[in-house]
1. Measuring from the lowest to the highest alpha carbon on each principal axis, how far does the chain reach, largest first, in angstroms?
2. At 1.4 Å probe radius, can you tell me the per residue accessible area of the stretch 6-84 in Å²?
3. In terms of the Cα gyration tensor, with a ≥ b ≥ c the square roots of its eigenvalues, is the stretch 89-210 rounded because a/c is under 1.5, prolate because a/b exceeds b/c, or oblate?
4. Determine the order of ARG210, ARG18 by accessible area, beginning with the largest, at a probe radius of 1.4 Å.
5. If I stretch the segment between LEU99 and LYS206 completely, what's the gain in nm (0.36 nm per residue apart, minus their alpha carbon distance), one decimal?
6. Can you send over the solvent-accessible area of THR44, 1.4 Å probe, protein chains only, in Å² to the nearest 10?
7. Expressed as a rounded percentage, what relative contact order does the chain have, with Cα pairs under 8 Å and six or more residues apart?
8. When the Karplus curve 6.51 cos²θ - 1.76 cosθ + 1.60 is applied with θ = phi - 60°, which whole-Hz ³J(HN,Hα) does each residue of the stretch 92-101 get, with x for Gly and Pro?
Amino acid sequence: MQIAILGTGGVGAALGTRWAAARHAVTFGSRAPGSEKVQQLIATCGSNASAKPPREAIATADAILFAVPWPAARETLVQIGDLSGRTLIDCTNPLLSDLSGIELGHVISAGEQIAAWAPGAKVVKAFNTASVKVMLNPQFGDHRATMFYCGDDAAAKLTVRQLIEDVGFDPVDAGSLTSSRYLEPLAMLYIHLAFRQGFGSNCAFKIMRR
Ligand SMILES: NC(=O)c1ccc[n+]([C@@H]2O[C@H](COP(=O)([O-])OP(=O)(O)OC[C@H]3O[C@@H](n4cnc5c(N)ncnc54)[C@H](OP(=O)(O)O)[C@@H]3O)[C@@H](O)[C@H]2O)c1
(Lines give C-alpha, C1' and ligand atoms only; values in the text may rest on other atoms or scores of the structure.)
Protein backbone atom coordinates (compact mmCIF):
# COMPACT_ATOMS: atom_id res chain seq x y z
CA MET A 1 0.00 0.00 0.00
CA GLN A 2 1.18 3.59 -0.57
CA ILE A 3 0.95 5.49 2.70
CA ALA A 4 1.55 9.22 3.15
CA ILE A 5 2.37 10.47 6.64
CA LEU A 6 1.83 14.14 7.41
CA GLY A 7 4.13 15.04 10.30
CA THR A 8 7.53 13.58 11.11
CA GLY A 9 7.30 13.77 14.91
CA GLY A 10 7.05 10.89 17.35
CA VAL A 11 3.92 9.28 15.93
CA GLY A 12 4.75 9.80 12.25
CA ALA A 13 8.23 8.39 12.73
CA ALA A 14 7.08 5.37 14.78
CA LEU A 15 4.25 4.32 12.45
CA GLY A 16 6.27 5.12 9.33
CA THR A 17 9.08 2.90 10.56
CA ARG A 18 6.67 0.05 11.32
CA TRP A 19 4.80 0.31 8.01
CA ALA A 20 8.01 0.50 5.99
CA ALA A 21 9.19 -2.64 7.80
CA ALA A 22 5.88 -4.27 6.79
CA ARG A 23 6.82 -3.46 3.15
CA HIS A 24 4.41 -0.59 2.61
CA ALA A 25 5.69 2.35 0.54
CA VAL A 26 5.86 5.27 2.99
CA THR A 27 6.13 8.91 1.92
CA PHE A 28 6.57 11.43 4.70
CA GLY A 29 4.89 14.77 4.06
CA SER A 30 7.10 17.26 5.84
CA ARG A 31 7.50 21.03 5.93
CA ALA A 32 11.26 20.36 5.71
CA PRO A 33 11.72 17.12 3.74
CA GLY A 34 15.43 17.80 3.17
CA SER A 35 16.23 18.40 6.85
CA GLU A 36 18.74 16.21 8.63
CA LYS A 37 16.02 14.91 10.97
CA VAL A 38 13.80 13.77 8.12
CA GLN A 39 16.66 12.33 6.08
CA GLN A 40 17.75 10.31 9.14
CA LEU A 41 14.20 9.04 9.54
CA ILE A 42 14.12 7.89 5.91
CA ALA A 43 17.45 6.15 6.36
CA THR A 44 16.06 4.33 9.42
CA CYS A 45 13.03 3.18 7.41
CA GLY A 46 15.17 1.77 4.59
CA SER A 47 14.37 1.64 0.90
CA ASN A 48 10.58 1.76 1.34
CA ALA A 49 10.51 5.41 2.49
CA SER A 50 10.89 8.89 1.02
CA ALA A 51 9.98 12.46 1.98
CA LYS A 52 8.31 15.28 0.06
CA PRO A 53 6.41 18.47 0.85
CA PRO A 54 2.92 17.59 2.15
CA ARG A 55 0.92 18.21 -1.05
CA GLU A 56 3.26 16.10 -3.16
CA ALA A 57 3.50 13.38 -0.52
CA ILE A 58 -0.23 12.68 -0.56
CA ALA A 59 -0.66 12.76 -4.36
CA THR A 60 -0.93 9.01 -4.99
CA ALA A 61 -1.36 7.68 -1.45
CA ASP A 62 -3.95 4.99 -0.70
CA ALA A 63 -4.10 6.19 2.91
CA ILE A 64 -2.92 9.38 4.61
CA LEU A 65 -1.90 9.44 8.29
CA PHE A 66 -2.59 12.86 9.77
CA ALA A 67 0.00 13.15 12.56
CA VAL A 68 0.40 16.86 13.28
CA PRO A 69 -0.24 18.69 16.57
CA TRP A 70 -3.89 19.62 17.08
CA PRO A 71 -3.20 23.40 16.93
CA ALA A 72 -1.69 22.90 13.44
CA ALA A 73 -4.50 20.67 12.14
CA ARG A 74 -6.69 23.22 10.42
CA GLU A 75 -3.83 25.13 8.77
CA THR A 76 -2.28 21.87 7.51
CA LEU A 77 -5.57 20.75 5.97
CA VAL A 78 -6.05 24.14 4.28
CA GLN A 79 -2.54 23.92 2.82
CA ILE A 80 -2.91 20.42 1.36
CA GLY A 81 -6.26 21.18 -0.26
CA ASP A 82 -8.98 18.82 -1.49
CA LEU A 83 -9.07 15.41 0.21
CA SER A 84 -12.45 14.26 -1.03
CA GLY A 85 -12.58 10.50 -1.49
CA ARG A 86 -9.25 10.02 0.31
CA THR A 87 -8.73 7.82 3.37
CA LEU A 88 -7.50 10.11 6.16
CA ILE A 89 -6.34 8.47 9.40
CA ASP A 90 -6.69 10.95 12.24
CA CYS A 91 -4.54 10.25 15.31
CA THR A 92 -4.78 13.72 16.82
CA ASN A 93 -5.89 14.50 20.34
CA PRO A 94 -7.22 18.00 21.04
CA LEU A 95 -4.93 18.48 24.03
CA LEU A 96 -4.57 21.64 26.04
CA SER A 97 -1.01 22.93 25.77
CA ASP A 98 -0.11 21.87 29.34
CA LEU A 99 -1.60 18.36 28.78
CA SER A 100 -4.04 18.96 31.65
CA GLY A 101 -7.10 18.12 29.56
CA ILE A 102 -8.72 18.24 26.13
CA GLU A 103 -10.40 21.24 24.57
CA LEU A 104 -13.18 19.32 22.80
CA GLY A 105 -15.30 16.39 23.89
CA HIS A 106 -18.66 14.68 24.37
CA VAL A 107 -20.64 16.79 21.86
CA ILE A 108 -17.90 17.18 19.21
CA SER A 109 -14.42 15.75 18.72
CA ALA A 110 -11.21 16.41 16.82
CA GLY A 111 -12.09 13.51 14.51
CA GLU A 112 -15.41 15.09 13.53
CA GLN A 113 -13.91 18.57 13.33
CA ILE A 114 -11.18 17.30 10.98
CA ALA A 115 -13.87 15.65 8.82
CA ALA A 116 -15.64 19.03 8.63
CA TRP A 117 -12.35 20.76 7.66
CA ALA A 118 -11.64 18.10 4.98
CA PRO A 119 -15.00 17.72 3.25
CA GLY A 120 -15.48 14.40 1.46
CA ALA A 121 -12.46 12.76 3.10
CA LYS A 122 -13.05 9.31 4.59
CA VAL A 123 -11.81 10.07 8.07
CA VAL A 124 -10.94 7.16 10.34
CA LYS A 125 -9.87 7.87 13.91
CA ALA A 126 -7.06 5.56 15.02
CA PHE A 127 -3.69 5.45 16.76
CA ASN A 128 -4.68 8.15 19.27
CA THR A 129 -4.89 5.95 22.39
CA ALA A 130 -1.35 4.59 22.70
CA SER A 131 2.09 6.08 23.16
CA VAL A 132 4.87 6.18 20.61
CA LYS A 133 6.70 3.51 22.63
CA VAL A 134 3.73 1.19 22.32
CA MET A 135 3.37 1.94 18.60
CA LEU A 136 6.96 0.79 18.17
CA ASN A 137 6.16 -2.45 20.02
CA PRO A 138 2.50 -3.27 20.81
CA GLN A 139 3.32 -6.77 22.09
CA PHE A 140 2.98 -7.30 25.87
CA GLY A 141 3.97 -10.90 26.60
CA ASP A 142 1.35 -13.04 24.85
CA HIS A 143 -1.00 -10.09 24.35
CA ARG A 144 -1.26 -7.47 21.62
CA ALA A 145 -2.31 -4.02 22.81
CA THR A 146 -5.76 -2.90 21.64
CA MET A 147 -6.02 -0.18 19.03
CA PHE A 148 -9.49 1.31 18.67
CA TYR A 149 -10.62 2.83 15.40
CA CYS A 150 -13.85 4.43 14.23
CA GLY A 151 -15.22 6.03 11.08
CA ASP A 152 -18.15 6.29 8.72
CA ASP A 153 -16.79 4.64 5.55
CA ALA A 154 -16.68 0.82 5.66
CA ALA A 155 -13.96 0.40 3.02
CA ALA A 156 -11.69 3.02 4.61
CA LYS A 157 -12.15 1.33 7.98
CA LEU A 158 -11.06 -2.02 6.51
CA THR A 159 -7.93 -0.37 5.10
CA VAL A 160 -7.11 1.15 8.48
CA ARG A 161 -7.86 -2.10 10.28
CA GLN A 162 -5.23 -3.80 8.11
CA LEU A 163 -2.72 -1.02 8.82
CA ILE A 164 -3.37 -1.42 12.56
CA GLU A 165 -2.71 -5.18 12.22
CA ASP A 166 0.46 -4.47 10.26
CA VAL A 167 1.85 -2.43 13.16
CA GLY A 168 1.08 -5.34 15.51
CA PHE A 169 -1.96 -4.08 17.43
CA ASP A 170 -5.22 -5.90 18.08
CA PRO A 171 -7.76 -3.75 16.15
CA VAL A 172 -11.16 -3.01 17.74
CA ASP A 173 -13.91 -1.34 15.69
CA ALA A 174 -15.48 1.35 17.91
CA GLY A 175 -18.22 2.29 15.43
CA SER A 176 -18.93 5.54 13.60
CA LEU A 177 -16.75 8.66 13.63
CA THR A 178 -18.82 10.08 16.50
CA SER A 179 -17.06 7.53 18.71
CA SER A 180 -14.06 9.87 18.49
CA ARG A 181 -15.93 11.62 21.32
CA TYR A 182 -15.05 8.62 23.47
CA LEU A 183 -11.63 7.76 22.02
CA GLU A 184 -10.18 11.24 22.59
CA PRO A 185 -11.08 11.36 26.32
CA LEU A 186 -9.72 7.79 26.51
CA ALA A 187 -6.42 9.16 25.23
CA MET A 188 -6.58 11.77 27.99
CA LEU A 189 -7.00 8.96 30.52
CA TYR A 190 -3.93 7.30 29.01
CA ILE A 191 -1.90 10.50 29.34
CA HIS A 192 -3.14 10.95 32.91
CA LEU A 193 -2.14 7.39 33.86
CA ALA A 194 1.19 7.59 32.04
CA PHE A 195 2.38 10.99 33.23
CA ARG A 196 0.49 11.81 36.42
CA GLN A 197 -0.23 8.41 37.96
CA GLY A 198 3.22 6.94 37.43
CA PHE A 199 2.45 4.21 34.87
CA GLY A 200 4.90 5.62 32.31
CA SER A 201 4.37 5.28 28.58
CA ASN A 202 5.05 1.55 28.30
CA CYS A 203 1.46 0.63 29.16
CA ALA A 204 -1.53 0.06 26.89
CA PHE A 205 -5.28 -0.56 26.84
CA LYS A 206 -6.51 -4.10 26.28
CA ILE A 207 -10.12 -5.16 25.65
CA MET A 208 -11.05 -8.64 26.85
CA ARG A 209 -14.23 -10.49 25.84
CA ARG A 210 -16.00 -13.71 26.85
N1 LIG B 1 3.13 11.43 21.09
C2 LIG B 1 2.24 10.48 21.36
O3 LIG B 1 2.51 9.56 22.17
C4 LIG B 1 0.88 10.50 20.70
C5 LIG B 1 0.08 9.37 20.82
C6 LIG B 1 -1.15 9.35 20.17
C7 LIG B 1 -1.57 10.45 19.44
N8 LIG B 1 -0.78 11.56 19.35
C9 LIG B 1 -1.25 12.68 18.54
O10 LIG B 1 -0.60 12.55 17.28
C11 LIG B 1 -0.31 13.84 16.74
C12 LIG B 1 1.20 13.92 16.48
O13 LIG B 1 1.85 13.74 17.71
P14 LIG B 1 3.45 13.71 17.81
O15 LIG B 1 3.78 13.36 19.19
O16 LIG B 1 4.01 12.93 16.68
O17 LIG B 1 3.77 15.26 17.57
P18 LIG B 1 5.17 15.97 17.35
O19 LIG B 1 6.26 15.06 17.79
O20 LIG B 1 5.07 17.32 17.91
O21 LIG B 1 5.29 16.05 15.75
C22 LIG B 1 4.31 16.63 14.96
C23 LIG B 1 4.87 16.84 13.55
O24 LIG B 1 3.87 17.58 12.83
C25 LIG B 1 4.51 18.38 11.84
N26 LIG B 1 3.93 19.74 11.90
C27 LIG B 1 3.16 20.30 10.95
N28 LIG B 1 2.78 21.55 11.30
C29 LIG B 1 3.33 21.78 12.51
C30 LIG B 1 3.31 22.90 13.37
N31 LIG B 1 2.66 24.04 13.09
N32 LIG B 1 4.00 22.81 14.53
C33 LIG B 1 4.68 21.70 14.87
N34 LIG B 1 4.72 20.58 14.07
C35 LIG B 1 4.06 20.64 12.90
C36 LIG B 1 6.01 18.36 12.14
O37 LIG B 1 6.63 17.60 11.11
P38 LIG B 1 7.43 18.37 9.93
O39 LIG B 1 8.30 19.38 10.61
O40 LIG B 1 8.21 17.31 9.24
O41 LIG B 1 6.39 19.00 9.03
C42 LIG B 1 6.12 17.67 13.48
O43 LIG B 1 7.28 16.88 13.58
C44 LIG B 1 -0.78 14.88 17.76
O45 LIG B 1 -2.01 15.40 17.34
C46 LIG B 1 -0.92 14.06 19.06
O47 LIG B 1 -1.94 14.57 19.89
C48 LIG B 1 0.44 11.59 19.96
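1. 43, 37, 35
2. Ligands and nucleic acids excluded, the result is 49 Å² per residue.
3. Details: a/c = 1.98, a/b = 1.13, b/c = 1.75.
Oblate.
4. ARG210, ARG18
5. Details: separation 107, 0.36 × 107 = 38.52 nm, distance 2.31 nm.
Full extension of this stretch gives 36.2 nm more.
6. Probe radius 1.4 Å; accessible area of THR44 about 100 Å².
7. Values: 425 pairs, mean separation 38.5, N = 210.
The value is 18 percent.
8. The phi angles translate into 6, 10, x, 6, 5, 5, 9, 6, 7, x Hz.
The values are calculated or read from the model by the stated rules, or taken from the named source; none is laboratory data. Treat the numbers as computed from the prediction; the structure is a model and nothing was measured. Every residue, glycine as well, gets a Cβ built from its backbone with ideal geometry; the counts of neighbours run over all protein chains shown. Protein only, heavy atoms only, side chains kept; ligands, DNA and RNA dropped before computing areas. Shrake-Rupley method; radii C 1.70, N 1.55, O 1.52, S 1.80 Å.
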